[in-house]
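What follows draws every value from the coordinates through simple rules; no lab data is involved. Remember, predicted model here, so these are calculated numbers, not experimental data. Here the Cβ positions follow ideal geometry from the backbone for every residue, glycine too, while neighbour counts run over all protein chains shown.
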Amino acid sequence: MKRLAGILVLAAVLAAGAVYWWKTAETQRTIQQLLAENKQLQEALANLAFEQQVGYAKVVEQGQRDGRLFTKILFVQTLPEDASEQVLRKEVEIEGDIAHFDMLIVCFDKQLVMDGRERAIGLWRKIYGEKMRPEDGFVIQPEGTEPASYAAICRKLSVKDQQLFWQEIWSLSNQPKRLESLGIRAIYGNAVYRQMRPGLIYIFKLSSTGAFWAEVIPDL
């Protein structure tokens, strides 16, 4: 009887230990899963929230001529992946002090953005003042041409696809099936306008999802 009781006690201890080990392993596995999922979630949120500088502008001269206000603006386009690298410098003069900066924006499928495979593309179009017609604005990026600032995208595409993308991107917005085949969610134009003042720098930002805006900082 004593031997049988001892065996039963040992069995109970082993069973309790097995249950404890199983629960501990299950808890650790769950925690590991949660940490992995949380890391993926953080990366996805970071990809969605990512923003890049695509250019900046500043007033180089502003004053009256014949009773009218004129503003001369220096516009600088920068590489999306390296804001210190200048792609283009252009000086324009507008009447008044309100300047519009026009961009065509290409937004990719949200899942591609969350996975970090794609980010929105901004194609600069024109700069124009509020006292002029947009079609008379100063051209930055001619339609149908390949922007030097997106060489990284060109490397992903075959020569045939490059020609399709850059030559037809301006007209693809009304062809949803072709957009879908390229992983593109939408193509649309957007213009940021600001009252330009000397002593300030207007920094243009583009988010990975296609938001476009201008931040203002002092010109040191």
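Could you pull out every residue, at least 5 positions away or on a different chain, whose amide H is within less than 5 Å of the one on residue 219? Hs are placed 1.01 Å off N in the peptide plane, and Pro or chain starts have none.
So residue 219 has HN proximity to 200, 201.
Using θ = phi - 60° and the Karplus form 6.51 cos²θ - 1.76 cosθ + 1.60, what ³J(HN,Hα) does each residue of region 42-58 get, whole Hz, x for Gly and Pro?
4, 5, 5, 5, 5, 5, 5, 8, 4, 9, 9, 7, 10, x, 7, 9, 8
Using modelled amide H (1.01 Å from N, peptide plane; none on Pro or chain starts), what sits under 5 Å from the amide H of residue 69, excluding residues fewer than 5 places away?
Hits under the 5 Å cutoff: 96.
State which entries of 72/205; 72/110; 39/205; 177/205; 126/177 exceed 32 angstrom in Cα-Cα distance in the structure shown.
In this structure, 72/110 lie more than 32 Å apart at Cα.
For region 169-220 and region 51-69, compute the distance between their C-alpha centroids and round to whole Å.
That distance is 19 Å.
Explain nothing, just compute: Karplus ³J(HN,Hα) = 6.51 cos²θ - 1.76 cosθ + 1.60, θ = phi - 60°, for every residue of region 123-131 in order, whole Hz, x for Gly and Pro.
With coefficients 6.51, -1.76 and 1.60, one gets 9, 4, 10, 8, 10, 8, x, 6, 9 Hz.
If you plug each phi of region 196-205 into the Karplus form 6.51 cos²θ - 1.76 cosθ + 1.60 with θ = phi - 60°, what whole-Hz ³J(HN,Hα) values come out, in order, with x for Gly and Pro?
7, 10, x, x, 10, 10, 9, 9, 8, 10
Go through region 79-130 and name the trypsin sites (Lys or Arg not before Pro) that are in a DSSP coil and have 13 or fewer other Cβ atoms within 10 Å of their Cβ.
Passing sites in region 79-130 are 117.
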